[in-house]
Amino acid sequence: MEDAFRPSTDLDDPPNSRLFLVTSKSITEDMIREQFSLYGEIQDVWVVKDKQTKESKGVSFVKFTKSSEACTAMEEMHGKCLVEGTKPIKVFIAQARSSGSHRDVEDEELTRIFVMIPKTFTEDDLKDTFKEYGDIEYCIIVKNKTTGESKGLGYVRYHKPSQAATAIENCEKTYRAILAEPRNKTPAPDNDYFSPARAEHVQGDPGMTSYPFVDSGFHTRGDMRGTDIITRCLMMSSRASVTQDQVYSLFDLIPGMDYCEMQQDSYGFSTGQAMIRYNNLGSAVYAKNKLDGFEYPPGNRLVVTHVDDGQDRRSPVGRMAMQLVAAQMMSIVCNAPSAPPLRKTSAGYPPPAVPQSPRVQTDVALPPLQKLAPSDSRVKERLFVVFKPLPLPMDVLEDVFCRFGSLVEVFLVPGRNVGYMKYAERKSADDAMATLHEGHRTRDDLSDMTSNMTEPT
DNA sequence: CGACGGGACGC
DNA sequence: CGACGGGACGC
């Protein structure tokens, strides 16, 4: 309220650019200015004095233009004597005026930054990116506890506040670096499917209700309770002979299949077993749930089990999350316009034999995979993409749209069936549109996708 | 122990 | 037909 009277005179802008000094009462503004101006552009020096006596209270404030300057001055000047024979001064980052607190701001709160990074970043990548601003104590990437995937967020702890401040001021804007909140408070988890409040929210979200828990012609096997282990790796056993291609096609109906191989005996005959791996737990859980007990060919019940590959472990929360992911997978499969009519009671054999093919199948020939452009690339062109009936998963879109080169990012507008493919090169966007635009349909539900050009952000 | 002034209105 | 975001850590 009181701040509203002086909106344009925020003394703590940018944050942490003001110092709080405790000095001998004999220290004057000029002495402070003389010493502290070595570290940056000083906007203001204020020695607090008694209203009546005009004597210094031994407290001063020094406002710098930048937080990094203030931090450096603090680090260099704390504990120094400004004048021979006076007591050593104490220097802290001043509490924001609006905070009301007079607690010392500790280095702990000033040395750790929080950044948004590409999901492909390893901790070493993170370190390499941010070490130019100072010695790093450690780097941490926030990962999904269940799948181990990066959430695209990271923490970098520096040794000194000035290093963290310099990183925040000078790193690429795409990292959106800010000071990290201290670790103990506001622990609002984000992928907490276990929380009742969150579950209600998901149900009430218009963007999510389009992923109904409908059942299809797939066999649905009981439950996931009990002692099943949850992994991305599946073993399929069949008594009747099935070919590699049949198994591949069957399991490839679920997005995210990384690997599928029939086991063979020493004579080259099928053992009736196949190993299948997905790139995410949700797909594997879904595949097991739907294909375990499925009759293929009719009368032959397949047995599908998770295989402990030593990577994924069961957990109640993970299981809960997997159910939701599985529901989305189901919807995607159900909505596939040209997916084979896979029904337990269906007469014909399901999927036609498909030789080793990319896990994303489209009606048009796709170029090979290409690396993404660096996430901080300037976006030269964006494609506006409309999905009917539903958007594909992010990773599938990335797989398709990266093939034209220089893809920077896939962005889906939440709750709407539209999104943007951001490219660093105009030609890549043009090529993608030429290949995928209108009339071309992917084998999944990327149908009726249209694109047009808009101005880059 | 050691925490919040002074100045002052635009094109 | 449609249209422009997002942030948190196993003690």
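Quick notes on this one:
- Single match in A:Ala373, A:Ala434, A:Ala429 (criterion: more than 9 Å from DNA strand C (Cβ to nearest atom), crowded, with 20+ Cβ neighbours inside 10 Å and not in a loop (DSSP other than H, G, I, E, B)): A:Ala429
- Segment A:54-73, subset near DNA strand B (Cβ under 10 Å from one of its atoms) and among the basic types (Lys, Arg), residue farthest from A:Val91 (Cα to Cα): A:Lys54
- Among residues that are farther than 25 Å from A:Gly58 by Cα, at pLDDT below 95 and touching an Asp or Glu at 6+ places or on another chain (Cβ under 9 Å), A:Gly148 is included.
- Among residues of segment A:154-167, those that are over 14 Å from A:Glu181 (Cα atoms) and within 22 Å of the chain's Cα centre (by Cα), counted: 1
- For segment A:95-110, the criterion of being surrounded by fewer than 18 Cβ atoms within 10 Å (Cβ to Cβ), more than 30 Å from A:Gly152 (Cβ to Cβ) and hydrophobic (A, V, I, L, M, F, W, C) is met by none of the residues.
- Across segment A:128-139, the number of residues qualifying as surrounded by 15 or more Cβ atoms within 10 Å (Cβ to Cβ) and under 22 Å from A:Lys371 (Cα atoms) comes to 1.
- Looking only at residues of segment A:86-120 that are in a loop (DSSP other than H, G, I, E, B) and away from DNA strand B (no atom under 16 Å from the Cβ), we find that the one that is modelled with the highest pLDDT is A:Thr111.
- In segment A:13-26, the residues that are more than 16 Å from DNA strand C (Cβ to nearest atom) reach residues that are among the polar types (S, T, N, Q) with C-beta atoms within less than 7 angstrom, at least six apart or across chains, in these pairs: A:Ser17/A:Thr65; A:Ser17/A:Ser67; A:Leu21/A:Ser60; A:Thr23/A:Ser60; A:Ser24/A:Thr86; A:Lys25/A:Ser56; A:Ser26/A:Thr86.
- Whichever residue in segment A:140-181 is over 29 Å from A:Leu281 (Cβ atoms) and exposed (fewer than 15 other Cβ atoms within 10 Å of the Cβ) and, among such residues, is nearest to DNA strand B (Cβ to nearest atom): A:Glu181
- Among the conditions (1) exposed (fewer than 15 other Cβ atoms within 10 Å of the Cβ); (2) in contact with a helix residue (DSSP H, G or I) (Cβ under 6 Å, 6 or more places away or on another chain), A:Thr72 misses just one, which is (1).
- Verdict on A:Leu446 being touching a helix residue (DSSP H, G or I) at 6+ places or on another chain (Cβ under 8 Å), modelled with pLDDT under 90 and not polar (S, T, N, Q): yes
The values are calculated or read from the model by the stated rules, or taken from the named source; none is laboratory data. If you're wondering where the values come from, they're calculated on a predicted model, not measured in any experiment. Glycine also receives a Cβ, built like all others from the backbone with ideal geometry; neighbour counts cover every protein chain displayed.
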